Amino acid sequence: MKPRSPLGNEWIACPHCEAPCRRQQLPAGCELRCSRCGSTVIEPAGKKTFQPALALSVAGLFALFLASISPVLTFDVAGREQAGYIFTGVKELLHQGYWMIAILVFVASMLAPALYLVSIAYVSTACAFRLRLPHLFLFFHLAEWAEPWNLIPVYSIATVVSVVKLRMIGGVTWNDGARWVLAVAFLTLFAQQLFDRRLVEHRLGAMGLLGESGRGE
Amino acid sequence: MMTDAFRVSTARALVTTGALLYIPSNVIPVMTMTVAGKTEPLTVLGGVKELWDSNLPAIAGVVFLASFVVPLLKVVSLAWILCLHGTDRHQSARNTVHRIVHRIGSWSMIDIFLLSVLAAVGQLGALGSVIANPGAIYFCGVMICCLFAAEIYKPRLIWESHEDPKT
């Protein structure tokens, strides 16, 4: 990563608490930490690329698609069977008049994960191949916005608990959907770890796309 | 764009709402399970007790932590952070707590997802069905209030001390 301006006099904001930190020439393998809150401001140079995040988010999107179209559980009591998709729960809650919960479940288990993975994939593609794709900033902020609402990992645990509960009543079988939900959970967790916001900001800056307006909140 | 004063007052309003909603969310049943004609309304803690009684302490523990302890902890710690806003006491501790709230906060959604999965499969009439109850709405309310409050109150605001005349 080559810096855009001479080192030493440039101030950068800590990504966590926004304290000003002076950009420094770091010895190999060292990182710059914020003196106020202790979070990493500049990571050790080299090493990280955009490809892992891109690969994981694309894989995650496939898994999410499959998780949405295949049944998660099959429940049977006294010979009557019923399969449940992720969307069946949303529909059923809507049907019972609990639209607020239905919307929350829909956003947290389908919409936000999809938006999050799409935006990571989009931004990573642009950064990895140095493409000037339209609306890069919109997607970059979308990833930030959707991240706390992407609750697929929590959903996968809830599925396990519900299997336990349903076992008390009747027979429950896992279906392909459950495996895909688990896959999405792991893929998003890894993508979250590997999608480095600072690295992206740096690359967008190097591509001349980081205007003054880009430094939002 | 939101001003800092607006952020702080909105976050305070949201946490207060969350704290108030926390009470009905634990008193009113979240779902009604019907098994072989027997109807049983379940509160959040009732669900935990049922799991405990059926010899599943690990799962009962997870649900207890995620749906009872986490929301409570979230409301209390956000209230603490917001009460101390503008002072320079415990700034680094507040910073750490804010980070933890951010990380563990979403686990309280487990109960809502549980309800959704159970409602999806449990529609076999008298044999076995699960329907949502109003308690779930209060529970959702607590969740949403805390999530938004933690998002709106940025960590940088922790480090602002009295110089700011607006707050």
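None of the figures in this text is laboratory data; all of them are computed from the coordinates on show. None of these values were measured; they are calculated from a predicted model. Counting neighbours? That spans all protein chains shown, and the Cβs are built from the backbone with ideal geometry, glycine included.
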Taking the Cα centre of chain A as the origin, how large is its charge dipole in debye, to the nearest 20, when only Lys and Arg (+1) and Asp and Glu (-1) carry charge on their Cβ atoms?
560
Residue-count net charge about A:Thr159 - beta-carbon cut-off 12 Å; Lys, Arg +1, Asp, Glu -1
+2
Considering the dipole of region A:30-118 built from charges on the beta carbon (Lys and Arg +1, Asp and Glu -1) around the Cα centre, which of A:Ser70, A:Ala53, A:Trp99 is farthest to its positive end?
A:Ala53
Distance from region A:66-126 to region B:37-111 (C-alpha centre basis), Å
24
Region B:23-146 - charge dipole about Cα centre, Lys and Arg +1 at Cβ, Asp and Glu -1, debye rounded to 20
380
State the percent of C-alpha pairs, over all pairs in the protein assembly as shown, separated by a distance greater than 34 angstrom.
36
Of A:Ile12, A:Thr88, B:His102, farthest towards positive along the dipole that unit charges on Lys, Arg, Asp, Glu beta carbons give the protein assembly as shown
A:Ile12
Regarding chain B, what is the average projected area of its C-alpha convex hull, in nm²?
10.8
Can you pull a Stokes-Einstein diffusion coefficient for region A:88-176 at 25 °C (0.890 mPa s), Rh from Kirkwood over Cα pairs, as a whole number of µm²/s?
161
For the protein assembly as shown, the dipole about the Cα centre with charges only on Cβ (Lys and Arg +1, Asp and Glu -1), to the nearest 20 debye, works out at 840
Region B:1-100: equivalent-ellipsoid semi-axes (sqrt of 5 x gyration tensor eigenvalues, Cα, Å)
36, 17, 9
P(r) histogram, all alpha-carbon pairs of region A:55-205 included - 5 Å bins from 0, percent
2, 10, 17, 19, 17, 13, 9, 6, 4, 2, 1, 0, 0
In degrees, nearest ten, helix B:44-53 long axis to first principal axis of chain B (Cα):
50
Under the rule of at least 5 residues apart or a separate chain, name every residue whose amide H is placed under 5 Å from the amide H of B:Gly128.
B:Ala36
Under 15 Å from the Cβ of B:Leu42, count the other residues' Cβ atoms, weight Lys and Arg +1, Asp and Glu -1, and hand me the total.
-1
Rg/Rh for region B:16-63 to two decimals, with Rh computed the Kirkwood way over all alpha-carbon pairs.
1.07
Please flag any cysteine in chain A that has no other cysteine's Cβ under 4.7 angstrom from its own Cβ.
A:Cys21, A:Cys30, A:Cys127
To the nearest 10 degrees, the tilt of helix A:51-69 (Cα long axis) against the first principal axis of the alpha carbons of chain A is 20
